[in-house]
Amino acid sequence: MGIRRINMAVGMFATAINCIDGRAQRPVSEWMRIQYSVDFVDTITHPGPEKTLTQGPQATIDTMRANVDVSVSAHESQLVAIAAHHGCAGNPVSDEEHQAQVRAACQVVAGWGLPVRVIGLWVNEWWQVALIADLAEGSQQSR
Ligand SMILES: [Zn+2]
């Protein structure tokens, strides 16, 4: 699953870039813990992060990237998820547009060149999580 290193002292971490919406965070965190056998999910929140990652502003993207860097370097996270959800107040677009933005945001994050697998997640109206993009480490396309 792309998870190789184990920090025995503190457990295994993954990273989620998720909406500030509290309803979306627990399902994403729990889904990632189960699917990828990690103990903890560091969560970087921003309203509608899939929109920001694809449309800016760049300063906000840079802040999100700095936060991801902490999770990857300090906690040795090897998995970064970008999650979007139905009914998002921070990014009121159609479900299809959310999902297109998530896939594009995955390419942005993969382009940061971190030693991680990048996945895209969609949280539907029943707070169920689906994998909609999966970029294995080293598979990022040049933009
Ligand atoms: Zn939201």
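The values are calculated or read from the model by the stated rules, or taken from the named source; none is laboratory data. These numbers come from a predicted model, not from an experiment. Positions of Cβ are backbone-derived with ideal geometry, glycine not excepted, and every protein chain shown enters the neighbour counts.
Residue pairs, Cβ under 9 Å, 6 or more apart or interchain, first in the range 89-114 and at positive phi, second at pLDDT below 95 and buried (at least 17 other Cβ atoms within 10 Å of the Cβ). List them.
GLY113/GLN140
Looking at the range 26-41, I want the residues that are under 15 Å from TRP127 (Cβ atoms) and have a partner that is of a type in the set (A, V, I, L, M) and in a helix (DSSP H, G or I) with Cβ atoms under 7 Å, at least 6 apart or on another chain. Which pairs are those?
Pairs that qualify, where the first residue is under 15 Å from TRP127 (Cβ atoms) and the partner is of a type in the set (A, V, I, L, M) and in a helix (DSSP H, G or I): there are none.
Working only within the range 14-24, note down all residues that are closer than 16 Å to VAL68 by Cα and either part of a helix (DSSP H, G or I) or touching an Asp or Glu at 6+ places or on another chain (Cβ under 6 Å) (or both). Write out each step before concluding.
From the range 14-24, those closer than 16 Å to VAL68 by Cα are 14-20; that's our starting set.
Selection gives THR15 alone.
So which residues in the range 77-92 are within 8 Å of the ligand (Cβ to nearest atom) and out of contact with any helix residue (DSSP H, G or I) (no Cβ under 8 Å at 6 or more places or on another chain), if there are any at all?
If the condition is that a residue be within 8 Å of the ligand (Cβ to nearest atom) and out of contact with any helix residue (DSSP H, G or I) (no Cβ under 8 Å at 6 or more places or on another chain), then GLY87, ALA89 are the ones that fit.
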